[in-house]
Amino acid sequence: MEPRSDLPTHEVTNQPPARGDRDLWSNDPVLRTHAADADAAALRRQAQALGRAQMAEAARDANRHGPELVLFDAGGRRLDEVRFHPAYHAFLHLGLTGGYASGPWQGGRHLTHAAMVYLHSQVEPGTCCPMTMTYAAVPALRGTGGLGDTWAPKLTAGHYDAALKPVTQKAGVTLGMAMTEKQGGSDVRANTTRAEKLADGWRLTGHKWFCSAPMSDGFLTLAQAPGGLTCFLVPRWLENGQRNAIHILRLKDKLGNRANASAEIEYHGALAEQVGEEGDGIRTILTMVHHTRLDTATAPAGLMRAALDHAHHWTAHRSAFQRRLIDQPLMQAVLADLALDWEGAAALAFRVARAFDDPGQAAFSRISVALAKFLNNKLAGRVIGEAMEVMGGMGYVEDSPLPLLYREAPLNGIWEGSGNVICLDILRSLARDPACADALDAALEAPSGQLPGYDAALTSYRNTWKTPPTEAQARAFATQTATLLTAATLIDAAPAPVAEAFVATRLTNGPGLIAGANPTANPAAMLARLGPATD
Ligand SMILES: Cc1cc2nc3c(=O)[nH]c(=O)nc-3n(C[C@H](O)[C@H](O)[C@H](O)COP(=O)(O)OP(=O)(O)OC[C@H]3O[C@@H](n4cnc5c(N)ncnc54)[C@H](O)[C@@H]3O)c2cc1C
């Protein structure tokens, strides 16, 4: 007898249901605790829109069908265009119209902006790059006279316009940043791009080895002018309707961040406008970098949240050995431990963002943004890698969002100052700027007297660093300082069991390298922070 091919081979059981629409605001107790004073209405709107199943699909599309470089038209004329899947544009539209880049410059708060970075990073982190650079460019351009008057209102319009036109003909624009050259990224003083002042203005000649979001309407860039390294704005389109002489050579083939394009470019006598004083380029661009660092400190908290949210959903719906995974003590120990890192990272990032809102906390924002960027990014890879394992084999396949999150995890630690550079910056800020040292000291002192473990750790830290750290000790110093600052933030703002667990496992027993190997006394308190797993 012929075997019948239409008989079912098995019944599908014990596979978690597909995730539907999610509300990334209501379902996230950590966000609602640590960004409680942000613009909740704006965040709820954004969180619900981003949480739609349709946006999860769009994120997959934007990553699977990455940007395409189109160098020439059919007749061989230069185009230098990058074309994106419609899903990419959908994320930019949602973010920019939701106030991601414009909010803080239109009377809103940096805290609300940071919460938007956190939300977008959970769904499609690659598209944060162009929006973050647009947000961060505003303070560098405002107050620069005619240039700022032309660009700033378009950058802060809360409008996405992908049209290929000069700035004056667009309702909203985006900006990129091109600093890194082949011979050095961290050391931008080594830049070789030349700026010459000709009759029609500044002309730039040279290359940039990394230039993300190359379809931005302009780029803040550094070039060597006669008076030294200077910041310039290079528009992609000139007012006469011609393309500026910016050639795209190729797109980087990146580990992750695939929805976003990162290009190698050359300036062939590109017209540029000076920003800030000639020779003062580094100081000028640092105004922008200060703000991109806020986002690169916050995004890892969003990536961790997404990974843990998916892992939580998975364990709540999957059983092994006759018990749901979420009910098994060892799984609870792992998830609780990971959730501590995530809540600590989110709490610290939002505290830093709050300092951006308060001119009286400028010194604290300078030092704390570097500390948060360093520590949060170091934690992200560990948390996301473990969350992947929590989902077993399905965490490793592209049907789940974990691979996308995992590929993204190292990036915010690399750009806007790689780990070592950030740690050395921290030492420099504390040595040169007494206001930074005082602000940090006050923040670490503030929660004293509440948890003996914290007090003991602070005393030991102060004894250790009576002599300022050497360069070789910069990572040890940054790790200890940022971990203490996270603990201080949690003592002030998180539910008591969370702060107690953080102090007990991160300060008192030392940070556990392996998740779950240094179990928290009250895992249920941490699991509650993950929110509902029922959607
Ligand atoms: C996907 C992606 C997109 C990017 N987009 C942009 C962009 O849009 N615009 C842009 O300008 N750049 C961009 N970059 C470049 C990025 O900012 C640089 O790669 C980064 O700043 C590091 O510079 P580098 O690669 O030249 O490394 P290097 O400067 O060579 O540094 C290499 C390593 O040495 C360490 N190091 C440096 N100095 C010291 C020291 N004194 N002591 C100890 N260690 C040190 C660094 O921390 C780093 O780990 C992008 C990078 C990536 C990966």
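Net charge dipole, the chain: roughly 420 debye, given to the nearest 20, about the Cα centre with Cβ charges of +1 for Lys and Arg and -1 for Asp and Glu. Considering the dipole of the range 29-279 built from charges on the beta carbon (Lys and Arg +1, Asp and Glu -1) around the Cα centre, which of G99, G256, M131 is farthest to its positive end? Going by the charge dipole, the pick is G256. The residue among V369, Y454, L427 whose Cα reaches farthest toward the positive pole of the charge dipole of the range 355-480, with charges on the beta-carbon of Lys, Arg, Asp and Glu, is L427. Here's the list of lysines a cross-link from K466 could span, going by alpha-carbon distance under 26 Å and ignoring same-chain residues fewer than 8 apart: K373, K378.
Where both partners of a DSSP beta bridge lie in the range 29-279, what percent of those bridges are antiparallel, to the nearest 5?
The antiparallel proportion sits near 90 percent.
Only beta bridges with both residues in the chain are counted; by DSSP, about 90 percent of them are antiparallel.
For trypsin sites (Lys or Arg not before Pro), the sites in the range 53-98 that DSSP calls loop and that have at most 15 other Cβ atoms within 10 Å are R77. Can you spot the lysines whose alpha carbon is less than 21 Å from K208's alpha carbon? Ignore those fewer than 8 places along the same chain. Output for K208: K182, K197, K252, K254.
Ranking of M131, M394, M55, M304 by neighbouring Cβ atoms within 10 Å, starting from the fewest: M394, M55, M131, M304. Footprinting exposure proxy ranking of T483, T192, fewest other C-beta atoms within 10 angstrom first, gives T192, T483. Give the range of the longest stretch in the chain that excludes all GluC sites (Glu not before Pro) found in loop regions by DSSP and having at most 15 other beta-carbon atoms within 10 Å. The answer is 12-238. With a simple spin-label model that places each label point 7 Å from the Cα along the Cα-to-Cβ direction, the separation between H247 and T192 comes to 1.6 nm. For the chain, averaging the sequence separation of C-alpha pairs within contact (under 8 Å, six or more residues apart) and dividing by the residue count gives a relative contact order of 14 percent. In the chain, helical runs assigned H by DSSP with n ≥ 4 each contribute -39500 (n - 2.57); averaged across all residues and rounded to the nearest 500, the mean residue ellipticity at 222 nm is -15500 deg cm²/dmol. When I491, I246, I514 are arranged by Cβ crowding within 10 Å, least crowded first, meaning fewest neighbours, the order is I514, I491, I246. Straight-line cross-link partners of K154 among the lysines, defined as a Cα under 22 Å from its Cα and at least 8 positions apart when in the same chain: K165, K170.
Once the gyration tensor of the Cα atoms in the chain is diagonalised, the equivalent ellipsoid follows with semi-axes of 39, 31, 19 Å, ordered largest first. Computed about the Cα centre, the dipole magnitude for the range 327-396 is approximately 400 debye when only Lys and Arg (+1) and Asp and Glu (-1) carry charge, each at its Cβ.
A short reminder: the numbers here are calculations on the coordinates, not readings from a lab. Because the structure is predicted, anything quoted here is derived from the model rather than measured. Positions of Cβ are backbone-derived with ideal geometry, glycine not excepted, and every protein chain shown enters the neighbour counts.
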